[in-house]
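Starting off with a structure, shown below.
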Amino acid sequence: MSYKYFVSMDVAIIGTGRAGQSIAISLADAGHRILLGVRDTQRYAGLPFLDGFPGITATSVEDAGERADMIIIATPAAAVPEVAYFLGDVSSKVILDVTNGPVSGPVRYRHTAEALTRITGSRHVVKCFTTTSYGNPLLSDPLSDLRPETYLAGGSLKAKAAATALYRDLGITQVFDMGSEDSIPTVEAMTRDWMTQPVERPAEEPLLLVKQPL
Ligand SMILES: NC(=O)c1ccc[n+]([C@@H]2O[C@H](COP(=O)([O-])OP(=O)(O)OC[C@H]3O[C@@H](n4cnc5c(N)ncnc54)[C@H](OP(=O)(O)O)[C@@H]3O)[C@@H](O)[C@H]2O)c1
C-alpha cells in the first residue's frame with residue numbers, strides 16, 4: 001500500500017488559475033485536503049473546476065494559511081508580496097513557491113522566494129513545481145513508460161522534503177535538488193528555458209503534469 005494512505009495533509013493553495021487548479025486536483029486525488037485561499041469565495045479563477053470537488057474547500061487567504069500544514073503559492077509573481085502579507089502568521093510553516101517571474105513593487109527582492117521568506121518570516125520556503133503544466137499527458141497515463149522528473153531549490157531541508165513528498169504523491173520520483181536559495185536564479189533560468197519549448201496542451205481540463213526530462 002502506498003504511503004499516501006498514511007499521510008494526509010491540509011494543503012493551502014493560493015491562486016486557482018491553471019497552475020493552482022492542476023495542483024489542487026492532483027493533490028486532492030492523492031488524498032490531501034485542499035484549502036483554496038481566494039480573494040472572493042464566490043468568484044475565483046478555479047471555481048468552475050474546483051467547486052464541489054471532493055476534498056477541496058475555498059476560504060480566505062488568511063484562513064487557508066492559518067489552517068494548513070503547508071502552503072503553495074500559485075499566483076502571478078507580481079502578487080507574491082501582497083499574498084505573503086495577507087497570509088498572516090505562517091512563520092513556522094513550509095511554503096512552496098510555484099511562481100515564475102520577477103517580483104515587482106517598491107522593495108527589491110532577488111526572487112519571489114526571498115520575498116516570501118522576508119515578509120512571512122518562514123525559513124521553510126522552497127522553489128518547486130515551476131514546471132507543473134496544463135494538459136501535458138505524462139502523468140495522466142499510468143501505463144506510460146515515461147517518468148517525469150523535475151527540480152527544486154531552497155535553503156530548508158524540511159521544505160524540500162515536504163515538496164518531494166508531494167511530488168511523490170503525483171508520481172514524480174525523480175526530483176533534483178539544485179541547491180540552496182542561491183540556486184533559485186538558476187532554477188528560474190531553467191524554467192524559462194523549459195517554457196520556451198513546445199508542449200502539447202490538448203486538454204481543456206486541468207491536469208497536473210510535468211514536461212519530459214530536461
Ligand atoms: N500555468 C502553468 O502551467 C504554470 C506552471 C507552473 C507554474 N506556473 C506559475 O504559477 C503562477 C500562476 O500561474 P497561472 O497560469 O495559474 O496564473 P493564472 O491563471 O493567471 O491565475 C492566477 C491566480 O492567482 C490569483 N491571484 C492573483 N493575484 C492575487 C492576490 N493578490 N491574492 C490572491 N490571489 C491572487 C488569481 O486570483 P482570482 O482567482 O481571484 O483571479 C488567480 O486565481 C505563475 O507565477 C506561473 O508562472 C504556471
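Can you tell me how much longer the chain between D193 and F176 gets when fully stretched, taken as 0.36 nm per residue apart minus their C-alpha distance, in nm with one decimal?
Stretched out fully, the D193 to F176 stretch lengthens by 4.4 nm.
Using modelled amide H (1.01 Å from N, peptide plane; none on Pro or chain starts), what sits under 5 Å from the amide H of V94, excluding residues fewer than 5 places away?
I71
Please list the non-local residues whose amide H lies under 5 Å from the amide H of L36, H modeled 1.01 Å from N, same-chain partners needing a gap of 5 or more.
Those qualifying (amide H under 5 Å, at least 5 residues apart or on another chain) are I13, T57, A58, T59.
Hey, another quick one. So what J values fall out for segment 26-33 if you push phi through Karplus, 6.51 cos²θ - 1.76 cosθ + 1.60 with θ = phi - 60°, rounded to Hz, Gly and Pro as x?
So the Karplus estimates, Gly and Pro as x, are 5, 6, 4, 4, 7, x, 8, 8 Hz.
Then there is this: Using amide H atoms built 1.01 Å from N in the peptide plane, name the residues 5+ places from A45, or on other chains, whose amide H lies under 5 Å from its own.
Hits under the 5 Å cutoff: T16.
Taking θ as phi - 60°, what are the ³J(HN,Hα) couplings along segment 175-181 by the Karplus curve (6.51, -1.76, 1.60), each to the nearest whole Hz, with x for Gly and Pro?
For segment 175-181, the Karplus-derived couplings read 10, 8, 7, 8, x, 6, 4 Hz, x marking Gly and Pro.
Read-outs throughout are calculated quantities, based only on the coordinates presented, and are distinct from any laboratory measurement. All figures in this text were calculated on a predicted structure; none of them were measured in a lab.
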